[in-house]
Amino acid sequence: MGLDLYFMDKSSPARAALLLIKTLGLDVNVKSLDLFGGEHLQEDFVAINPQHTIPTLVDGKFVIWESRAIMTYLVNKYGKDTSLYPTDPEERAVVDQRLYFDMGTLYDNFGKCVYPIIFGGAKEVDEAALTKTKQALTWLEGFIGDRGFVAGSSLTVADIALGVTVSTLEASGILDLSAYPVVSAWLNKLKTTLPGYAEANQPGAEAFGVMFKEALARKS
């Protein structure tokens, strides 16, 4: 029956799921939803996902949402080797920690910088949230270190999740990534080596950046 991925290109989590699918070389039917137009609230989609969030993956009769859960599920089911999501308990724990770090620290604080401007009445980036985002990037520098990847010496799902977040942060222009040379080098490596990066992530990241900058300009 194939994979259906409910998707919006401006969504970092949705792009992370799509990029993982490209990395695995899987066929997918991308079903774009316009969240700004309320398409995620339509009855047929709510019947699939009562939380009406994207990304949502439909694999036959199985439905799962939340991007990091989608990514680990796909590697567990379709991955030809275990390197993207190791089976060793300690190695997997590190990958999981980095995924939670992405969701609860880096992506969360980045969101607190940009979403109040896009969706709320804020006129400038919250300084406290920006400070926490900078701290998260400093931690990410340490995670990568001289090993080249965020959870060890090889690519994992955590690199894909965090890479999409950082690429969106870069496109937003809220700070200069050159202050984080290890992160910058790692992101450039992902841009040039991940299968499908140019079509699965970059246009959506740039579209988000344009949307944020236009919202900020309107508030100034």
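Within the stretch 9-17, is there a residue that is in contact with a helix residue (DSSP H, G or I) (Cβ under 7 Å, 6 or more places away or on another chain), outside any helix (DSSP H, G or I), surrounded by 19 or more Cβ atoms within 10 Å (Cβ to Cβ) and in contact (Cβ under 8 Å) with a residue 40 or more places away in the chain?
The answer is yes, given that some residue of the stretch 9-17 is in contact with a helix residue (DSSP H, G or I) (Cβ under 7 Å, 6 or more places away or on another chain), outside any helix (DSSP H, G or I), surrounded by 19 or more Cβ atoms within 10 Å (Cβ to Cβ) and in contact (Cβ under 8 Å) with a residue 40 or more places away in the chain.
Exactly one condition in (1) under 22 Å from residue 168 (Cβ atoms); (2) part of a helix (DSSP H, G or I); (3) among the hydrophobic types (A, V, I, L, M, F, W, C) is false for residue 54; which is it?
(2)
Could you tell me whether residue 106 is part of a helix (DSSP H, G or I) and more than 30 Å from residue 181 (Cβ to Cβ)?
Values: part of a helix (DSSP H, G or I): yes; more than 30 Å from residue 181 (Cβ to Cβ): no.
Criteria not met by residue 106.
Only one of 184, 178 is open to solvent by 70 Å² or more (accessible area, probe 1.4 Å), closer than 22 Å to residue 108 by Cα and part of a helix (DSSP H, G or I); which? Working first, answer last.
Numbers: 184 fails: open to solvent by 70 Å² or more (accessible area, probe 1.4 Å).
Exactly one residue qualifies, and that residue is 178.
Taking only the stretch 94-120 into account, find how many residues are among the hydrophobic types (A, V, I, L, M, F, W, C) and surrounded by fewer than 12 Cβ atoms within 10 Å (Cβ to Cβ).
Quick first cut of the stretch 94-120, residues among the hydrophobic types (A, V, I, L, M, F, W, C) only: 94-95, 99, 101, 103, 106, 110, 113-114, 117-119.
Next, from what is left, pick out any that are surrounded by fewer than 12 Cβ atoms within 10 Å (Cβ to Cβ): 119.
Total meeting the criteria: 1.
Each row is one residue, and each column tells you yes or no for (1) surrounded by fewer than 18 Cβ atoms within 10 Å (Cβ to Cβ); (2) closer than 12 Å to residue 3 by Cα; (3) acidic (Asp, Glu).
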position: 21; (1), (2), (3): no, yes, no
position: 41; (1), (2), (3): yes, no, no
position: 57; (1), (2), (3): no, yes, no
position: 61; (1), (2), (3): yes, yes, no
position: 68; (1), (2), (3): no, no, no
position: 74; (1), (2), (3): no, yes, no
position: 80; (1), (2), (3): yes, no, no
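Cβ contacts < 8 Å: first residue closer than 20 Å to residue 203 by Cβ, restricted to the stretch 146-174; second residue among the acidic types (Asp, Glu) and open to solvent by less than 10 Å² (accessible area, probe 1.4 Å), any location; separation 6+ or different chain. Result?
From the stretch 146-174, the pairs are 161/102; 162/102; 165/102.
When you check residue 56 against the structure, is it of a type outside the set (Phe, Trp, Tyr), under 30 Å from residue 217 (Cα atoms) and free of Cβ contacts under 8 Å to residues at least 60 places away in the same chain, yes or no?
On the way: of a type outside the set (Phe, Trp, Tyr): yes; under 30 Å from residue 217 (Cα atoms): no; free of Cβ contacts under 8 Å to residues at least 60 places away in the same chain: yes.
No.
Tell me yes or no: at least one residue of the stretch 193-203 is closer than 30 Å to residue 26 by Cβ, acidic (Asp, Glu) and surrounded by 21 or more Cβ atoms within 10 Å (Cβ to Cβ).
Filtering the stretch 193-203 down to residues closer than 30 Å to residue 26 by Cβ leaves 193-203.
Filter once more, keeping what is acidic (Asp, Glu): 199.
Going one step further and asking which of them are surrounded by 21 or more Cβ atoms within 10 Å (Cβ to Cβ), we end up with none.
No, the stretch 193-203 contains no residue that is closer than 30 Å to residue 26 by Cβ, acidic (Asp, Glu) and surrounded by 21 or more Cβ atoms within 10 Å (Cβ to Cβ).
Looking at 158, 129, 151, which one is closer than 23 Å to residue 210 by Cα, aliphatic (A, V, I, L, M) and at pLDDT 95 or above?
Details: 158 fails: closer than 23 Å to residue 210 by Cα; 151 fails: closer than 23 Å to residue 210 by Cα.
None of the others qualify; the one that does is 129.
The values are calculated or read from the model by the stated rules, or taken from the named source; none is laboratory data. Quick caveat, the model's predicted, so the values are computed rather than measured. In this analysis, Cβ positions are derived from the backbone assuming ideal geometry, glycine residues included, and neighbour counts consider all displayed protein chains. Keep in mind that these areas ignore ligands, DNA and RNA; they rest on the heavy atoms of the full protein, side chains included. Shrake-Rupley method; radii C 1.70, N 1.55, O 1.52, S 1.80 Å.
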